[in-house]
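The values are calculated or read from the model by the stated rules, or taken from the named source; none is laboratory data. Being a predicted model, the structure only gives us computed values, none of them experimental. When we count neighbours, we look across all protein chains shown, and the Cβ atoms used for this are built from the backbone with ideal geometry, even at glycine.
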Amino acid sequence: MPNVTKTPKAIKDAGATADTSIDRLEALAAQSKTTDGKKKSVWTTIGKYLVWQLIALLVVEMVLACAGLGEEELFAIDKELGMTHMTDKSVTWRKEGYARSYLNWDGLRESDVTLAKPPGTYRIALLGDSMVEGLQVPLEETFGQRLQKDLTQKLGRPVQVINFGTSGYSTVQEALLMKRKVFKYAPDMVLLGYDARDMFENWATPDQSLANVRPYALKLPGQKLVIDSSSVTTWLKTPRAKFLTTIGWIRSHSRIWGLVSAAETEAGFHNPVYATLMALCTQPGKTIRKLAAQARDPKVWKDCFDGLIAMATPSFKIQFFDPPQKTVIKDLAVSSETGPAIAKQSAVGKDLAVTSETGPAIAKESAVAKAPAVAKESTIPKEPTVSAADAAANKKAASIFLKLMKNTLDALVLDMQSDCQKHGAVLCVQALPSRATLAPIAGMDATTYGLDYEGEVKVLQTVCAKNKIPFVDALKPATAYSKQEQESLYYSAHLTAKGHDYLAQVLSPFLVERISSTTGGH
Amino acid sequence: MSWLPVYGLLLLAMTIANWLLGMGIEKAAAQSRKQLAFSYLLLGLAIDVGVLCYYKYFNFLFENAVKAVIGTSTLLPQIKLSQDFVHLADSPFLSVVLPLGISFFVFEFVHYLSDVYRGDKSVKSFLVFASFAAFFPSQIAGPIKRYQDFVAQLAKPEPLTRPLFYEGASLIMQGLFKKVALADPIGAMIAPSFATMSTLSAADAWLAAAGFVIQVYCDFSGYTDMGRGSALLMGIRLPINFELPLLSKDISTLWRKWHMSLGSWLKDYVYITLGGSRKGAFTQSRNLVITMIVCGLWHGASWHYILWGALQGLGMTLHRMWCSFLAKRPVLDEVSKSFVGNAISRVLTLAFVCATFGLFRSPDMPHAMNLWSGMALHFGQPFTLMVPLLKSGIMPILAAYFIFWQMTEYLRKHPTMLDRFIKDGSLFANPVRLACWTAALILMVASKPLEAVPFVYFQF
């Protein structure tokens, strides 16, 4: 008898809440079906959904593992350096070229390297950013391994090259990594690779992307060099950082996360839809309230639609094959002259910036954010259009900032040199053949604070000459190449196998000379 | 570019013409004026086929006529065959843009007029007839509907219930998965092999051709699934178009299971009209070849499509001859029906399909010859497609889909211990269904190629 009275009530309930959600509906429908008096709770049903979703995710993980897909996350959060390579992690690079790599217990690709140096071996440690890291080509094809083979043959003694290059690293991160990790391997030489915008990345504000979380370095006139990881520790308190820390295990083990991470590099936080999705993960309550407030504005809906389209459209097409939008480029060109004036974010510029981790927009933008703190006398207008007086002020601020960055680079390199001396190693510096100069991507900014990459290389060369640090310019020989040859050296931003071959050939005679001169006396 | 807004008017005009003619034929037949009914039919066919020919074949005919003139005048025997539509549309003589879905709705009109002429009832309501012609889920790439069925369903559409919604949505998801996770990455992977004129190794050539067969199957059946799914959401059931054709054991069965709505259309309106199998073996073979040439020509105005169709016809004729050969030799027949015999016939059928679909995919004859010479001659050369194959990671995804499909088929047919965990009225309970959707979505993202690939069958 109770069953008879219960069933219509359950049906009525189902009707009342029919428009809430499928889950709820299912739950109530299931409830109304139970006739033996045992009520199935809503939680059982929700639990069922969750269990099945979990099963699906596990199956997908298995399929992805078989397919070798989703190995695209490689950054571990680091309290001092911002980020480092993950350890014991397989990485497959798909965006440019195709290469599978394995990062060993210490985050190195050379998995057979031991801490102790084999007797009689000359060890070279490579430092640098993604150009040195070379994840786009198989390990044997990176310039480091090519050099190892070549130098061993030329010098008639075993030479071992260990690659410590890490995507997105600035000079200050390289200096810190050297102190922490490189000297454990007792290298005889440290070859520091300088890539475009590294000197500006030494003073860059962290943003949502882990690759852009860096410690600061600053050398004020008459002061000691300051290396400060407070930017990283501050960043670690943001919701985004907390989210990434929480899912740390998933980040290093899940291939589904690997896909998310790849999509993030592609679409980035500049895609409003993606940014919102991530915000929902990191700060659900706040984001929902914000969205509810925004939902009344029709423009938001349009942006959302555009964002979805942008996410669905293949990224390479957008970034490289669409005709560059003239107005935007002009904006950027102006902005690089006037420096801090471009607080406004231009969509195209930002997208491009994401493609090469060291892109102009990020470095510039972050520099902009911090510039006022350094150069207090400058006035920073919020509007992109500036009056003549403001432009002059901006220019002055930019030149002051540029000088500070040059001094910081100088101090950093000097610091690294003395560190190396302490550990019985020689510091050498190479200017990497950055794509920014040789085969610039349409629409990409060529200069930062009025300084192009060749200008940066000149600064670096002066710094090295002043401190008597052996310097090799790996950019220069390629400038004599034909356009076609130059382009064959690169994927969209990084070196191809041919590019690595070129770099090894340029470096080889320089290194042979350095090694013979330093070890000749022994 | 395959569509202009103004073509909406073309569809409207053709709909009106066919609607009026249909009623005209019925009226004339009712007054037993056979002659008049027949001339109405002819007029209708002339309009429909004429429009199709104009948009689809004018360039081809014109170009070949010009080439014939030039060819004979300069005595140059090398006929460079026209490429595909894109190429045709670029030709300086005349750029005709193909109206979207024209091949499909013209065939539906022809079916309508013929059936009315053969004695079926015409459609009185213009709105109903217009919905038949312009029913968007099937308008662009089929399936080619039959109006009797469609009109009956339109009168009494199934109300959208929860099971129907889930069935439709699952079909859409399945189609999307086939298209995005399987067809596109395979298409991107094999495209270079069909574009090159340099020597292909046998392994590359066969893999490229097999890849195309899988691509076109996933692409087209995926589209059909999505069309059927969207129609289901409106309470209309469209005919199925594929029934695992690639697992067929001979070419005739394959064609009964591949693009079934086109196959049955061709059977009803070309093959039977030609006389079918009634007038002896030779006529039957002839009719088969002609039907398949029409099938090839329907896909596009190009010599390689015609040759492709002819080869299918020849294949079916050969199979028929083999069957009658076997009929007289019971021992051999037994052998051919054994496990080994079945395996051999499946492999042979697939090889034939791969080779001929390689021709179908090639942009022109020289490329097709290059592919075939690779398939036949260049054994032992490096297998270069291996790298993109591994890189795309498509094989495990394909395998996963196949296993999933096999499992659902098994569960559909056999009661198992699992049923109380996964079944709930329909095939899957909703928690399981939603879990499958999650998996499908993630795998779609995982195998996304860098550039979007349009549906293969939108060009026909």
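Within the stretch A:242-285, how many residues turn out to be part of a helix (DSSP H, G or I) and either hydrophobic (A, V, I, L, M, F, W, C) or at positive phi (or both)?
So the answer is 18.
Can you tell me how many residues within the stretch A:122-143 are without any contact (Cβ under 8 Å) to a residue 60 or more places away in the chain and closer than 20 Å to A:Ser516 by Cβ?
Total satisfying the criteria: 0.
Count, please, the residues in the stretch B:221-253 that happen to be acidic (Asp, Glu) and in a helix (DSSP H, G or I).
Here the count works out to 1.
If you go through the stretch B:211-218 one residue at a time, do you hit one that is among the β-branched types (Val, Ile, Thr), out of contact with any Leu (no Cβ under 9 Å at 6 or more places or on another chain), part of a loop (DSSP other than H, G, I, E, B) and surrounded by fewer than 24 Cβ atoms within 10 Å (Cβ to Cβ)?
no
Is there a residue in the stretch A:228-240 that is modelled with pLDDT of 85 or more and among the aliphatic types (A, V, I, L, M)?
The answer is yes, given that some residue of the stretch A:228-240 is modelled with pLDDT of 85 or more and among the aliphatic types (A, V, I, L, M).
Answer yes or no as to whether B:Ala439 is modelled with pLDDT of 85 or more and at the interface with chain A (Cβ under 9 Å from one of its Cβ atoms).
yes
Given the structure, is B:Asp419 among the charged types (D, E, K, R) and closer than 28 Å to B:Ala202 by Cβ?
no
Need pairs with beta-carbon distance below 9 Å; first residue within 13 Å of another protein chain (Cβ to nearest Cβ) and within the stretch B:377-394, second basic (Lys, Arg) and in a loop (DSSP other than H, G, I, E, B); sequence gap 6+ or separate chains.
Filtered contacts from the stretch B:377-394: B:Lys391/A:Arg94.
Can you tell me which residues in the stretch A:103-116 are assigned to a strand (DSSP E or B) and over 18 Å from the mean Cα position of the chain (by Cα)?
Correct list: empty.
For B:Gly280, indicate whether it is assigned by TED's automatic domain parsing to the domain that holds B:Gly358, under 21 Å from B:Glu108 (Cβ atoms) and not hydroxyl-bearing (Ser, Thr, Tyr).
no
Filter the stretch A:225-241 down to residues that are in a helix (DSSP H, G or I) and among the hydrophobic types (A, V, I, L, M, F, W, C) and give me whichever is nearest to B:Met444 (Cα to Cα).
A:Ala241
Residue check: is A:Lys498 under 19 Å from A:Asn163 (Cβ atoms) and surrounded by fewer than 23 Cβ atoms within 10 Å (Cβ to Cβ)?
yes
Name the residue that is modelled with the lowest pLDDT, counting only residues in the stretch B:195-205 that are part of a helix (DSSP H, G or I) and surrounded by fewer than 20 Cβ atoms within 10 Å (Cβ to Cβ).
B:Ala195
Kindly indicate the residue of the stretch B:245-259 that is aliphatic (A, V, I, L, M) and closer than 15 Å to B:Cys218 by Cα and also surrounded by the most Cβ atoms within 10 Å (Cβ to Cβ) among those meeting that condition.
B:Leu246
Anything in the stretch B:400-420 that is within 11 Å of another protein chain (Cβ to nearest Cβ) and in contact with a helix residue (DSSP H, G or I) (Cβ under 8 Å, 6 or more places away or on another chain)? List them, or say none.
Those that are within 11 Å of another protein chain (Cβ to nearest Cβ) and in contact with a helix residue (DSSP H, G or I) (Cβ under 8 Å, 6 or more places away or on another chain): B:Ala400, B:Tyr401, B:Phe404.
Can you confirm whether the stretch A:60-70 contains a residue that is of a type outside the set (Gly, Ala, Ser), touching a His at 6+ places or on another chain (Cβ under 6 Å) and closer than 18 Å to A:Ala262 by Cα?
Checking the stretch A:60-70: not a single residue is of a type outside the set (Gly, Ala, Ser), touching a His at 6+ places or on another chain (Cβ under 6 Å) and closer than 18 Å to A:Ala262 by Cα.
Name the single residue, out of those in the stretch B:269-289 being touching a residue at least 24 places away in the same chain (Cβ under 8 Å), surrounded by 14 or more Cβ atoms within 10 Å (Cβ to Cβ) and of a type in the set (A, V, I, L, M, F, W, C), that is nearest to B:Arg320 (Cα to Cα).
B:Leu288
Tally the residues that are of a type in the set (Phe, Trp, Tyr), crowded, with 19+ Cβ neighbours inside 10 Å and under 27 Å from the mean Cα position of the chain (by Cα), restricting the search to the stretch A:43-101.
Going through the stretch A:43-101 one residue at a time, the tally reaches 2.
Criterion first (touching a residue at least 12 places away in the same chain (Cβ under 8 Å) and of a type outside the set (Asp, Glu)) does B:Ala191 satisfy it?
Spelling it out, it is not the case that B:Ala191 is touching a residue at least 12 places away in the same chain (Cβ under 8 Å) and of a type outside the set (Asp, Glu).
Given the criterion surrounded by fewer than 22 Cβ atoms within 10 Å (Cβ to Cβ) and within 26 Å of A:Phe510 (Cβ to Cβ), identify the matching residue among A:Ser230, A:Ser167, A:Ser209.
Result of the check over A:Ser230, A:Ser167, A:Ser209: A:Ser167.
Take A:Asp23 and tell me if it is surrounded by fewer than 19 Cβ atoms within 10 Å (Cβ to Cβ), within 14 Å of another protein chain (Cβ to nearest Cβ), assigned to a helix (DSSP H, G or I) and modelled with pLDDT under 80.
Yes.
Criterion first (over 16 Å from B:Ala440 (Cα atoms) and touching a Gly at 6+ places or on another chain (Cβ under 9 Å)) does B:Thr161 satisfy it?
Criteria not met by B:Thr161.
Select from the stretch A:58-74 the residues that are more than 7 Å from chain B (Cβ to nearest Cβ) and in contact (Cβ under 8 Å) with a residue 24 or more places away in the chain and list them in ascending order.
Hits for the stretch A:58-74 are A:Glu61, A:Ala65, A:Glu71, A:Glu72, A:Glu73, A:Leu74.
Which condition breaks for B:Ala301 when tested against (1) free of Cβ contacts under 8 Å to residues at least 40 places away in the same chain; (2) assigned to a loop (DSSP other than H, G, I, E, B)?
The single condition B:Ala301 does not satisfy is (1).
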